[in-house]
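The values are calculated or read from the model by the stated rules, or taken from the named source; none is laboratory data. As the structure is a prediction and not an experimental result, all values here were calculated from the model. Because the Cβ atoms are built from the backbone with ideal geometry, glycine has one as well, and the counts that use them run over all protein chains shown.
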Amino acid sequence: MPDLLAEFELKTAALGHLTSAVQFGFITGTFSFALFTISDRFSPSKVFFISAVLGAAFNLGTLLENNNLYSLIFFRFLTGFSLAGIYPVGMKIASDYYEKGLGRSLGYLVGALVLGTAFPHFLMEVTGNMQLPWRAVVYFTSGIAITGGLFILLLIPDGPYRSRLNTPDFRLVYSVFKNVKFRSAAFGYFGHMWELYAFWAFVPVLLHYYKVYHPEAGFSVAFISFLVIGIGSLGCISGGYLSEKFGLRNTAGTALFFSGCCCLLSPVMFFAGSQISLILFLIFWGLVVVADSPLFSTLVAQNTPAESRGTALTIVNGIGFSLTIISIQLLNILIGSIEPNLIFLFLAIGPVFGLLSLFRNKYGSED
């Protein structure tokens, strides 16, 4: 991103605009896909492929030499919009293949997302001060996007449990929430999302402040950030397996409870003990903070008719990611107003809301 700013002679403030453009594009895309019931009316594999190709093309748009801030924001927005046909549609494809074992399969899918989220921190650690050409990064990411789309198109036909919606149903965006079981799972997911991305975004910030308070600390912020975020992939996978023994709702609730406890304990752990205890605490938090994500998505899918499952997953995804913008901006404001070790206390709002939503209506043992 700094190279991009320098290339087009943009001010530092443009960094926030370009980053937010992707988020808003994704959110706009999920609501649009849900409103027009795209993944329920058309082959999800083809939707995935087309979205991957379009996303790659819009990503390459940043390479145009006559770009300015507005054209770059436009291309980043469209890239984010295209991603709405990737992540939630990928979950729809998985739900079309697994009537049983969906929690386990989504555990692997979300685990891959988590590992990808952590990868930039690892890249920063291993490259050090090396100057990676930003254009090469754009070509590379667009290339693997198209490759992934081709894999889905050629190797993953429509699943055996897919049920097609023949005509658009604009009511699905809100009518799915009339189902008590669906609403309970969706609201639990919203509470989880309030915490998740804000935690990921501010782990490096917290580690940086710790090193300011403790100059003797010798750890690498980039590597520990990769470790804390990346360990969540194992949490997703193990959560999927554990849910088959203890139930989806119970397993998701347990992970949400432990991550909420971590929010409340974070101020103490910042000052108590050694850097080793803080790192181990953050690793545990990184393990449980995302372990419930595929389980909530499974509950959403299981409590939705097959012909509207893609729309339900997409709309829940879109609302969840909208909440991440609010929680991240809240922490961004708070970190300039209060001690940095206190900011994660405000993330506990999410787990508390999620747990109340998840267990307020007990709906049987099938989950």
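Across segment 248-298, the number of residues qualifying as surrounded by fewer than 16 Cβ atoms within 10 Å (Cβ to Cβ) and small (Gly, Ala, Ser) comes to 4.
Residues that are at negative phi, part of a helix (DSSP H, G or I) and among the charged types (D, E, K, R): does segment 305-314 have at least one? Yes, some residue in segment 305-314 is at negative phi, part of a helix (DSSP H, G or I) and among the charged types (D, E, K, R). Inclusion of Ser357 among residues that are within 24 Å of Ser32 (Cα to Cα), touching a residue at least 24 places away in the same chain (Cβ under 8 Å) and either outside the structural domain of Met193 (by TED's automatic domain parsing) or of a type in the set (Ser, Thr, Tyr) (or both) is not warranted. Helices (runs of 4 or more DSSP H) fully within segment 1-42 that include at least 2 residues being under 19 Å from the mean Cα position of the chain (by Cα) and closer than 30 Å to Ala136 by Cβ: 14-35. Condition test on Ala112, is it assigned to a helix (DSSP H, G or I), at pLDDT 90 or above, in the same structural domain as Gly230 (by TED's automatic domain parsing) and surrounded by fewer than 22 Cβ atoms within 10 Å (Cβ to Cβ)? Against the criterion (assigned to a helix (DSSP H, G or I), at pLDDT 90 or above, in the same structural domain as Gly230 (by TED's automatic domain parsing) and surrounded by fewer than 22 Cβ atoms within 10 Å (Cβ to Cβ)), Ala112 qualifies.
In this structure, Leu123 qualifies as under 24 Å from Thr62 (Cβ atoms) and among the hydrophobic types (A, V, I, L, M, F, W, C).
Only one entry of Phe187, Phe202, Phe140, Phe182 meets the criterion of being in a helix (DSSP H, G or I), within 22 Å of the chain's Cα centre (by Cα) and exposed (fewer than 15 other Cβ atoms within 10 Å of the Cβ), and that entry is Phe140. Name the residues in segment 320-351 that are more than 18 Å from the chain's Cα centre (by Cα), of a type in the set (S, T, N, Q) and in a helix (DSSP H, G or I), would you? Answer for segment 320-351, where residues must be more than 18 Å from the chain's Cα centre (by Cα), of a type in the set (S, T, N, Q) and in a helix (DSSP H, G or I): Asn332, Asn341.
Considering the conditions (1) out of contact with any Ser or Thr (no Cβ under 6 Å at 6 or more places or on another chain); (2) not assigned by TED's automatic domain parsing to the domain that holds Leu234, Ser51 is excluded by exactly one of them, (1). Cβ-Cβ contacts under 7 Å between residues 6 or more apart (or on different chains), taken from a first residue in segment 4-18 that is farther than 11 Å from Asn68 by Cα to a second residue that is modelled with pLDDT of 80 or more and among the β-branched types (Val, Ile, Thr), are listed as His17/Ile73; Leu18/Ile73.
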